[in-house]
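Take a look at the structure below.
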Amino acid sequence: MLYRFLKKRTNDSYRIITATIVLMALALLFFAIQSTWRAWDDFYASAARAEASQAVVQLMDASNIRAKERGYTLALLSGPVAPSDIGQKLEHIYALRQQGDIKFDRAVLLASQLVKKFPENFILRMGLQHVEEVSELKRSARERADKRILGEGGSFPPGEWFDSLTETINHEQHFRNFLSTAMIEAPVKNGAYWTIRNWVWLLSEYAGRERALLARHILTQAPLTESSRYELNQFHSVVEEHIGHIRRIRHEAGIDKRLLDAIEQMDKAISGEYAVARQELYANSLTASYTITGDQWLAIATQAIDSILNVSQVCSLIIEENVAQEKHFKSAMVILFSLMIIVFVFMVKGAISRVTETTRALIEEKKKAELSANKLEEEIAERNVLEKNLLNAQQNFLSLVMLNPTGMIILDTNDRCLFSNPAAQVMLDLEEDGVVTNKRLTSVPYSGRTELDVHCEANLWGIAEAHITETSWNGYPSKLILLHDITTRKTVENEIKHMAYHDGLTGLANRTLFKDRLDQAIKRAKRKETLIVILFIDIDKFKVINDSLGHAVGDELLCKVSGKLLCCVRTDDTVGRMGGDEFTVLIEDVTSPQDADVIVEKIQRELTTTYVINGHVIHLSVSIGTCIFPQDATDTDRLIQLADTAMFHAKESGRGEVRAFRPEMGERFNRRLRLESRLHRAADKKEFFVYYQPQVDLVTKRIIGAEALLRWEDQEFGMISPVEFIPVLEDIGLISNVGKWVLEEVCTQNKLWQERNLTPIPISVNLSPLQIVLQTLEEDVYSVLQKTGLESKYLELEITETALMKSPEACALILQQLVAMGVRISIDDFGTGYSSLSYLKKLPITKLKVDRSFVMEIPDNISDMSITTAIIGLGQSLNLDVIAEGVETLEQINFLRERGCREVQGFYFSQPLPVHQFEELLRAQSVMHVEGNQRFALL
C-alpha cells in the first residue's frame, strides 16, 4: 500500500519527504526493538552465568573441604592414636563432612535450577549425573572408615580410603567442568580468572594428595616405597607446573591487584615452613626418621594449601564482581532501550507534524538560495579553515607555555613583569603585572645563570636554577628568564653527602667525618693552646647480646646508646661510631684533664643501666678508654689508636671501667691483638688439643674419672695458659665453637677407649658461662652424643658456682634438660662464689668440687680446713658426690679421707696428661687390675 501511495505522489516533493521520514522512523523503531530484545537475552544469560559461577564456587569449596577430610581421616586410619584423642579428631572430621556436604548440596540445587531454565542444555544434565556417583562413593567410604576407626569391625586400608575420596573429588571436578562448559561463554575479562581458578584448584588438589600420602607414612613411621615415591613425584610435577603458571601471571598487565597480593601471600606460604617441612620429609623418607609428627605435617600443609585456596577465592570474588557488573549493565541496557522506544515514538510523531509544516516552505526557498549560497559558502569555508588553523596554532603555543613546568618570565628594563606562566608565578609568588624584587634575578647579566630559593607545592620551599637571555616584547628590549626546579637533584646531592660522612644506623659521624673534625679540633687547640680529650667506648659483651637476641635487638640497642651519648656531651663536642659496638667522643676546649672527667663520669653512669628491648631485659656496661692531645699524641690516627688501647685495658680490668692511656699499655695491647688473630687461625685449623687429669677413688685406689683440660701451643707464642686465652675466646665470640669442638673431641676419645676394652669412666668437661647464655648447649650436647655414640652417663659437665648464680632460674632449666638426657652435672670451684643454699638444693647437680684454693694450704690453714670440712658435710647431707681438686700431699689425702671425701684429683697422682699417656694409664689399670701410678700404692 505504501508503494502505491509513493507511486501516485512521486511528483509531490512534500509527500516524498514525509514518506521518507516515516520509513526512517520505522527502520529506527525496528532497530530499537531488536536491540532491546538482544539486551534482554544478554541480561538473562548474565543472570545464568552468575548462578553458574556461584555453583562452581560452592563445588570448589566442597572439594577443598573434601581434601581436608581425606587427609585427616587418612591420618586417623594410618597412625596409632591415643583413645582420648579419637573423639576430638572424629568431631573435627564430622564438622568437615557437614561443611563439605552443605557446599555440595547448594551447588546441586543451583545446577538443578539452571536445568529448569535451560532444558535444551544437555551438558548440564550430563553434569548432574555425577551427583549420584559422588553421594554413593562418599557414603560408602565414610561408613567403612567410621567402623574401622571406632573398632566396630571391618577392614578398610588407608590406601582405599585415599583412592575413594580422591575419586569423589574427581567426580566433583567433572561436575564443575560440565557446569563451566555448559553455560554461555564468559566475557573476555572473566575468562582469564576462570582459567586461573582452575589452575589453583588443580594445584590445591594435588598438594592435598601429597599432604594425605605423606601424613600416612609419617603416622605409620614407614619409609616411602618406590611406588609411593613415584606417585608423589607425579603430584609434585603437577604442583610445580601450576605454581609456575600462577607465578607468571604476576608479570602480565591488567591483573587485579587483589589477585597479585593473594599470589604473593601464596608464594610466601609455600616457600616458607611448608617447603622446609617437605624437603625434610623427602630427605628422611628412605629411613623413616621423620622429624615432625603427622599432626604437625597436616597443620603445616593445610596452612599452605589454604593460602593456595585463597587465590581461588580471590578469583571467584573477581568473577562474581564482573558478572554482577555485567548483569547490572545488561539490565540497564534493557531499561534504556525500552525508554528509547517510548521517547522515540513521541518524538517521531511530533517531528512529522513539524516537518509537514516547514518542508513545503523550505523547498520553495531552497531554489532561490542555492544560486547565491554556493559562492558564499566557498568564501566562508576558506576563511573558516584559515581562522581555525590560526586559532589552533595560538592555542597549541599557549598551552605549551602555560602548562610547561619550567617557569617563564619576561621583564622590561624596569624589572616589571610583562608576562609569566603559572609555574613562574608559583615559584616567585608573583602577580601577573608585578615588579620582580629578587636581586638574584635582576642583577644577573644576560646569558648568565644563578640559583635561588623558590616556592614549591604545598607551601614548601625549593631551589630553582635561573637562565637569563635577552629578547624583545612588542618591539621593546626585554629579558627572558627560565626557571628550572632542581629541588630533587639538590636533595639527592645532600643525602649522598650526608651518607658519605654519617653512620647509616645511628646517624652519628662515621670514621671519616670524626677524623676530619678531630683534625680541625687539633688546629683550633694549637691556636688556643687548649687540650682535646678523646674517648673510645666499647659495649661489653655486645657480640653475645647480638648473637643470642638477634641483630634487630642489637641494632636497637646501638641506637639507644647513641641517643644517650648525644645527651651526655656538649653541643660543640662530636660523637662518632667507628663500627660494630665501638663509639668515639671528641671533647674540645679542655683546659685540664679533670674538666672532661665530668662528661666521662656522666657517660659511664648513663650507659651503665638496664634496657628493655622487644621484651628482653639487657643489663649493659661499657668500657671506656681516654687519651689527651697533645700530651699523649698529636696525630689524629695515633690519638684514636691510643684511646682504643686504653679501652682494651679497661676491658681487661674487669669491664665496666674507665682507663686513661699510659705508655706501658701499648705492648700489652699489641700482644692482645696478635693473640686474637692467632686464636682465629687456631680455631679454623683446629690447633687446640685436650689433656686429661685422672680422678681417683681413695677407697678402691682406682681411676674413676678424668677432667678434660683445653690446651693450645702456638707457633708464635708457644704454650699459652688457658687462663690467658680462654677469656679472649669469650671476648671474640669463639668460645661456643671451640666448646662444641672440645665436647666432640672428648666424647669421641672416650668412646674409642671403651671400644678398646679400657675401663669405662666418665670424663668431665668445663663449660664457659657464655655457652649457657647462647642457649645452644642442649642442642650441642645432644648432637655430639648422637654423633659419637657415647652413652650420656659417661659425660660430666662442670659449671662454676659464679656462672650458676648469675641466672639461677635459666641455668636450672638448661641443667634439667641436660640431666634428662643422662648427663652428670658438677659445680666447679665450689665455695669461691656466693651461691644460695635454697638455689643449690633446687639445681639438678650430682657433684660438688672443692676448689683448690681451700685444699692447697691444708693442714697449715685452719680456716681452709674448716671450710673444706663444711663443704664435704654439705655435699653428704644433700646426697651429692664430693671431689677435691688440687691435692698435692699425703697429708691432704689423709685429711680428706678422714672427713669422708673419697674422690680426689691433683698433682699428687698425676699432672694433666696427653691422650696417649692417659690411655697407657687406663690400660695398665685394666690389664693389671692394679694402679698404674706408683703413688696409688701409698694411699
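Among the listed pairs LYS541/LYS686; LYS560/LYS651; LYS89/LYS147; LYS651/LYS685; LYS68/LYS103, those whose Cα-Cα separation exceeds 18 Å are LYS541/LYS686; LYS560/LYS651; LYS651/LYS685. Length gained on full extension, LYS686 to LEU23, computed as 0.36 nm times the residue gap minus the Cα-Cα distance: 228.2 nm.
For region 228-263, trypsin sites (Lys or Arg not before Pro) meeting the loop criterion (DSSP other than H, G, I, E, B) and having at most 14 other Cβ atoms within 10 Å: ARG250. Available extension along the chain between ASN404 and LEU260 is 48.2 nm, counting 0.36 nm per residue and deducting the alpha carbon span. Once the chain from GLN520 to GLU755 is taken as fully extended at 0.36 nm per residue, the excess over their C-alpha distance is 77.5 nm. Peptides 861-867, 811-817 ranked from most to least packed give 811-817, 861-867, packing being the mean of other C-beta atoms within 10 angstrom over each peptide's residues.
Residues whose amide H lies under 5 Å from that of ASP540, counting only those 5 or more places away or on a different chain, are SER621, VAL622, SER623; hydrogens are built 1.01 Å from N in the peptide plane. With 22 Å as the limit, the listed pairs LYS523/LYS602; LYS701/LYS847; LYS564/LYS602; LYS751/LYS841 have LYS523/LYS602; LYS751/LYS841 beyond it between alpha carbons. Centre-to-centre, using Cα atoms only, region 187-260 and region 529-560 are separated by 49 Å. Roughly speaking, what is the centre-to-centre gap between region 620-698 and region 475-521 when only Cα atoms are used, to the nearest Å? Each part reduced to its Cα centre gives a spacing of 40 Å. Exposure proxy ranking for HIS174, HIS916, HIS498, based on other Cβ atoms within 10 angstrom of each Cβ and starting from the fewest, stands as HIS916, HIS498, HIS174. Hey, with R₀ at 22 Å, roughly what FRET efficiency would THR530 and GLU664 work out to, going by the Cβ-Cβ distance, to 0.05? Given R0 = 22 Å and the Cβ-Cβ separation, E is 0.25.
Taking θ as phi - 60° and the Karplus parameters 6.51, -1.76 and 1.60, the scalar couplings of region 910-923 work out to 5, 6, x, 10, x, 4, 5, 6, 5, 5, 4, 5, 5, 5 Hz in sequence order, x denoting glycine and proline. Going by neighbour counts of Cβ atoms within 10 Å, the residues VAL904, VAL401 line up, fewest first, as VAL401, VAL904. Using a Förster distance of 51 Å, how high is the FRET efficiency between ARG139 and LEU317, based on the Cβ-Cβ distance and rounded to 0.05? Result of the calculation: an efficiency of 0.95. On the basis of the beta-carbon distance and an R0 of 30 Å, ASN474 and ASN392 show a calculated FRET efficiency of 0.80. Remark: MET333, MET719 ranked as MET719, MET333, counting other beta-carbon atoms within 10 Å and listing the fewest first. In whole angstrom, region 719-773 maps to an equivalent ellipsoid with semi-axes of 27, 12, 9, each derived as √(5λ) from the alpha carbon gyration tensor and ordered largest first.
Between the DSSP loop rule and a limit of at most 15 other Cβ atoms within 10 Å, which chymotrypsin sites (Phe, Trp or Tyr not before Pro) in region 856-913 are left? Don't skip to the end; give the middle numbers.
Details: sites: PHE895, PHE907, TYR908, PHE909; in loops: PHE907, TYR908, PHE909.
Taking region 856-913 and a limit of 15 other Cβ atoms within 10 Å, the loop chymotrypsin sites (Phe, Trp or Tyr not before Pro) found are PHE907.
Our coupling estimate for region 221-236, obtained by passing each phi through the Karplus curve with A = 6.51, B = -1.76, C = 1.60 and θ = phi - 60°, is 6, 10, x, 6, 6, 5, 5, 5, 5, 5, 5, 5, 5, 4, 4, 4 Hz, Gly and Pro reported as x. For region 545-629, the list of trypsin sites (Lys or Arg not before Pro) that fall in a loop by DSSP and count at most 10 other C-beta atoms within 10 angstrom reads ARG570.
Coordinate-derived values only; no laboratory data. Predicted, not measured: the structure shown is a model, and the values here were computed from it. Neighbour counts run over all protein chains shown; Cβ positions are idealised from the backbone, glycine included.
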